[in-house]
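Visitor: Sharing a structure here in structure tokens format.
Each value in this text was obtained by applying a stated rule to the coordinates, not by laboratory testing. All values derive from a computational prediction rather than experimental measurement. Methodologically, a virtual Cβ is constructed for each residue, glycine included, from the backbone with ideal geometry; neighbour enumeration extends over all protein chains shown.
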Amino acid sequence: METMAIRAVLFDLDDTLLWDERSVAETFAAVCAEAARRCGVDPEALESAVRREAKDLYASFETYPFTQMIGINPFEGLWADFREGEHEQFRKLEQLAPYYRKQSWTRALRTLGVDDEELGAFLGDMFHDERRRRPIVYDDTFETLDRLKGSYKLLLLTNGAPDLQREKLNGVPQLETYFDHIVISGNFGQGKPAPALFRHAMDLLGIRPEEGIMVGDKLTTDILGANQAGMPSVWINRHGVARSEDIVPRFEIRRLSEIPTVIDRLENR
């Protein structure tokens, strides 16, 4: 079989290069601990309640179909300002954001027997601020990017609101310097797994599908999108979670440092 030369590596951002899950968990822990100090609620119960109330409220907004298409989750909504992005839905989200933050926490407190809108507003603002103080990268992120930079074109393909994804990158300034292109779904108008978004990324790189690989942690966006685009998909599954048989990655890895081995296998099979 003819060998295939890989020319580019496409990366997801959240929970692939940045440890967003940990940042969110630590932020919830800090804010819920403050709530416990102020009103005596159980912090773990409050976190569960906020996560539940935030999801329900988020899904009730008319903006919900748009946020699903772009790929903006409820917990990003708890700290996003939505000040950028040309789509009119971002202006609606910008207006909703303060209300959403306040009500998510106020309603959660209420389920635990604390009716205090002022405290809800305070905790909403605290989460908004505390999340910004917690940019966390995986321990193999820069090691892997250093190995790839110079040998391959690198493109960051991330779902989300333009200002929030930019803010995440600004929290780790050196990360952006590795990439030839950064594509944010909120600027493009569609999110992963939309085929058009992957075609746009490939056009920027000047590659055919078989000349790139897509590395990401989400089967339903990163892997499905790459598979549909005809690009080799690499699922970073750090926690060894079981997957369904519906979406099958070309490769499965546990650490980013395995990517060069994946490329070798593709080029020499």
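Visitor: How big is the shadow of the Cα convex hull of region 1-144, averaged over all directions, in nm²?
Guide: With every direction weighted equally, the projected area is 11.9 nm².
Visitor: Given the chain, what percent of its DSSP beta bridges are antiparallel, to the nearest 5?
Guide: Numbers: 1 of 21 bridges.
Percent antiparallel among DSSP bridges in the chain is about 5.
Visitor: A follow-up question, please. With label points built 7 Å along Cα→Cβ from the Cα atoms of MET69 and SER151, find their separation and express it in nm.
Guide: Placing both labels 7 Å beyond Cα along the Cβ direction yields 4.0 nm.
Visitor: If you add up the charges near PRO98, with Lys and Arg at +1 and Asp and Glu at -1, over every other residue whose beta carbon is less than 10 angstrom from its beta carbon, what do you get?
Guide: Values: positive: ARG101, LYS102; negative: ASP81, GLU94, ASP125.
Net charge in that neighbourhood comes out at -1.
Visitor: Still on this structure, please answer the following. Cβ neighbours within 10 Å, averaged per peptide: list 110-116, 40-46 in order, most packed at the top.
Guide: Listed from highest to lowest mean packing, they are 40-46, 110-116.
Visitor: Indicate the gyration tensor shape class of region 159-269 (rounded, prolate or oblate), computed on the Cα atoms with a ≥ b ≥ c the square roots of the eigenvalues: a/c under 1.5 is rounded; otherwise a/b larger than b/c is prolate and the rest oblate.
Guide: Rounded, since a/c falls under 1.5.
Visitor: Under 27 Å Cα to Cα from LYS92, which lysines show up? Leave out anything in the same chain fewer than 8 places away.
Guide: Reachable lysines: LYS55, LYS102, LYS168, LYS192.
Visitor: How tilted is helix 117-130 with respect to the longest principal axis of the chain? Cα atoms for both, answer in degrees (0 to 90, nearest 10).
Guide: Relative to the chain, helix 117-130 is tipped by roughly 30 degrees.
Visitor: Let me ask another. Each residue of region 135-142 in order: what ³J(HN,Hα) in whole Hz does its phi give by Karplus 6.51 cos²θ - 1.76 cosθ + 1.60, θ = phi - 60°, with x for Gly and Pro?
Guide: x, 10, 10, 5, 5, 10, 4, 6
Visitor: Further, regarding this structure: Whole angstrom only: what separates the Cα centroid of region 97-141 from the Cα centroid of region 1-40?
Guide: The distance from the Cα centre of region 97-141 to that of region 1-40 comes to 17 Å.
Visitor: Please compute, over every Cα-Cα pair in region 107-176, the percentage with a separation greater than 15 angstrom.
Guide: 69
Visitor: Sticking with this structure for a sec: Which angle between 0 and 90 degrees, to the nearest 10, do you get for helix 88-111 versus the longest principal axis of the chain when only C-alpha atoms count?
Guide: 50
Visitor: Let me ask another. Residue separation times 0.36 nm, minus the C-alpha to C-alpha distance between ARG254 and GLU143: what's the value?
Guide: 38.5 nm
Visitor: Provide the net charge surrounding GLN165, with neighbours chosen by a C-beta distance below 10 Å and charges set as Lys +1, Arg +1, Asp -1, Glu -1.
Guide: Net of charged neighbours comes to -3.
Visitor: Another question about this same structure. For region 1-86, calculate the relative contact order in percent as a whole number, restricting contacts to Cα pairs under 8 Å that are 6 or more residues apart.
Guide: 16
Visitor: Per residue of region 167-183, in order, report the coupling 6.51 cos²θ - 1.76 cosθ + 1.60 (Karplus, θ = phi - 60°) as ³J(HN,Hα) in whole Hz, putting x for Gly and Pro.
Guide: 5, 4, 5, 5, x, 10, x, 5, 5, 4, 5, 7, 9, 6, 8, 10, 10
Visitor: Now for a different question. Can you list residues from other chains, or at least 5 along the same chain, whose modelled amide H is less than 5 Å from the amide H of GLU252?
Guide: Those qualifying (amide H under 5 Å, at least 5 residues apart or on another chain) are TRP235.
Visitor: Same structure, new question: Around GLU84, what is the net charge, scoring Lys/Arg as +1 and Asp/Glu as -1 over all other residues with Cβ under 15 Å from its Cβ? Don't jump to the answer; show the numbers that get you there.
Guide: Values: positive: ARG83, ARG91, LYS92, ARG166, LYS168; negative: GLU76, ASP81, GLU86, GLU88, GLU94, ASP163, GLU167.
Its environment carries a net charge of -2.
Visitor: Measuring from label point to label point, each 7 Å out along Cα→Cβ, what is the HIS181 to ALA196 span in nm?
Guide: Each label point is offset 7 Å from its Cα along the Cβ direction, giving 1.6 nm.
Visitor: Under a point spin-label approximation (7 Å from Cα along Cα-to-Cβ), what is the GLN95-ILE136 distance to one decimal in nm?
Guide: Spacing of the two 7 Å Cα→Cβ label points: 3.7 nm.
Visitor: When you count, for each residue, the other Cβ atoms within 10 Å and take the mean per peptide, how do 242-253, 4-15 rank with the highest first?
Guide: Working: 242-253: 13.5, 4-15: 20.7.
By packing density, highest mean first, the sequence is 4-15, 242-253.
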